[in-house]
Amino acid sequence: MKSLISFMAAMAVAAAAQAAPVTYVIDNAHTFPRFGYSHMGYSMQQSRFDKTSGTIILDREARTGRAEIRIDARSVSTGVPALNDVIQTEDFFNTKKYPEILFTSNDFQFDGEKLVALNGQLTIKGVTRPATLNVTSFKCMPNPMDKKDTCGANAVAVLKRSDFNMGKYAPQVSDEVALNIAVEAVRK
C-alpha cells in the first residue's frame, strides 16, 4: 500500500511539473525576422534582421504564454549595404535613436493544442501599436542534434509603415509591409 501511495504521489508531482510554464530562450542562429514590401509595383523586396533575442514562456497544458522578442534594427540586411544605411536613417528605423524593435505578448491563442496566434504590442521607432502574429507552423520537441528541448514557429503579420512614422515614399514603396518571423527557442 505504501508503494502505491508513493507511486501516486510521484505521478502527481510529475504531472504538476509538466503543467508548469517553461521558459525558452530565443536562438539567434535560427531566428530571422523578415519583412517584404512592394517596390514601386515592380517586385516584392525581401529583407531581414540578423540579430534577435528574447524569451518565450509557454504553458502548453494551460494553453497560455508570454513572449518578449527583441530585434536589433541595426542588423537589417537588405543585401545592399547602401540600402541598409538608408533604412537606418530618421526617415525609416532611425536606429541611432531607436536601435531596437520590440514585440511583447501575454495573450497566446490556441486552437486545441495548436498555437495559432500571439496578440501583443509591437514597438518600432518609439511607437507602440497592437499587433497580432498569426502562427503558421509550431512545433516543440528535443532537437535531434543537441537533444535540448526546442520550440520553433513561423508567424506572420501585416503592418503599415506609416503607423510607425516610417511612411516615406508611400505609396510608390508600399505602406503595407508583411512581417514574417521564423523563430526557434531552446529550453532554459
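Values quoted throughout were computed directly from the atomic coordinates according to the rules given, and no laboratory measurement underlies them. The structure presented is a predicted model; accordingly, all values stated were derived computationally and were not measured. As a convention, Cβ positions derive from the backbone with ideal geometry for all residues, glycine included, and neighbour counts pool all protein chains shown.
The table that follows gives values for the structure above.
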{"item": "Distance from the stretch 141-172 to the stretch 79-136 (C-alpha centre basis), Å", "result": "7 Å"}
{"item": "Under 5 Å, built H, 5+ apart or other chain: amide partners of V116", "result": "Q109, F110, D111"}
{"item": "Extension gain from N28 to D149, taking 0.36 nm per residue of separation minus the Cα-Cα distance", "result": "42.0 nm"}
{"item": "Exposed GluC sites (Glu not before Pro) absent - longest run of the chain, DSSP non-H/G/I/E/B, at most 15 other C-beta within 10 Å", "result": "114-188"}
{"item": "Pairwise FRET efficiency - D85 versus S43, Cβ, R0 = 25 Å, nearest 0.05", "result": "0.75"}
{"item": "Estimated [θ] at 222 nm from DSSP helical runs (n ≥ 4, -39500 (n - 2.57)) normalised by residues in the chain, nearest 500", "result": "-4000 deg cm²/dmol"}
{"item": "In nm, spacing of pseudo-spin labels at R74 and D59 (7 Å Cα→C-beta vector)", "result": "3.8 nm"}
{"item": "Added length on full extension, which subtracts the Cα-Cα distance from 0.36 nm per residue, V158 to N119", "result": "12.7 nm"}
{"item": "Among the listed pairs K51/K125; K96/K188; K125/K160; K51/K188, those beyond 22 Å (Cα-Cα)", "result": "K96/K188"}
{"item": "Helix 2-19 vs. the chain, principal-axis angle (Cα, 0 to 90°, nearest 10)", "result": "10 degrees"}
{"item": "Reported label for calculated Cα Rg over 2.2 N^0.38 Å given (i) 1.48; (ii) 1.24; (iii) 1.01", "result": "(ii)"}
